[in-house]
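Take a look at the structure set out below.
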Amino acid sequence: MSSFASFDGIFHTLKRARKDLVNLKRSLAAFEGATDFGESVWQVHPKNPRLVVFKLNDPRQQIGSDVGIITNTLWSALGQLIYSLYELEKGEPPPLPPKRRLQFPVCKRPEDFRGRIKPDLEGLNVKHIALIEGMQPYNGGNWLLRLKVLAEEHRHRKIIDIRASGGHEFYVRSSAEPDIERVIIPGTRVRIPKAMNVQAKLTGRVIFPDGAPVIETLEVFQLKVADVIDAFKPLFDPLV
C-alpha cells in the first residue's frame, strides 16, 4: 500500500467548497434587501455613437458564477478520490492525461457503468469499483447526475442560470445629484454621469430554472460528497 496516498488534499477541497457556500449564503442574504452592487459605467451605444447606455450589473450572474465554482469544487473532490484510490492500490500516482484520465463515473444504467470501468477506474480493485457503482444514479444517486451537469456547465464557461422566485429589482442613484462626476459625450455637448451607483434586490427564493432552491441543493451536494469521501476514508486512515 502506498505510503503517500492521502486524503489531505480532498479534505482541503471540501473545506474550500464549504467556505464558498457560507460566503454565498451571506451574499444572498444581502440581496434580499437592496444591496450596493457597484457602479454602472456608461458605454457608447454600439449602433449609434451619439448615444450612451448604462449597463446594469445583474446579481444573478454573480450568483450563477459562484454556484458554478462551488459545484466544480465538489466535483473535483470526487476526482481527487479516484486518483487517491489509484495511488493506494498501485503505490504511485496515475499517469497524467492523455495517457490516463481517471474520473468519478456517473452513469444512468448498469451497462453504461461497465463501459466506464476501464477508462475511468482502471487500476482500482473490485471492492472499490463496487462501492462506486453503489453510488450511481441507477442505485439512487440522482444528485450525482445534477452535480456533474452543473460542474460541466461551469467548466465550459457557462454561467449557471439563476432566478429569483419573486423577481428582481434594480435601483439607480438619481443622476441629478450634484456630487456625481460627469463627462461629455464625444462629439456632443451633452454632459452625463460618468457612472451611477446601482443597488440590486432579489425577492423570494433564489432558485434554478426548474424551481429547485439553490442553497438547499448545494447543501445536499456538500453532504452527499462528504458521505462518499467518508465511505472510503477507513482505507486511508491509518495507512499500513
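Laboratory data are not the source of any read-out in this text; all were calculated from the coordinates shown. Keep in mind the model is a prediction, meaning the values are calculated, not measured.
Points to keep in mind about this one:
- Here the extension length gained between D230 and A130 equals 34.4 nm, from 0.36 nm per residue of separation less the Cα-Cα distance.
- Pairs from K19/K108; K15/K118; K19/K233; K108/K201; K25/K47; K90/K158 whose Cα-Cα separation, in the structure shown, is over 29 Å: K19/K108; K15/K118; K108/K201; K25/K47; K90/K158
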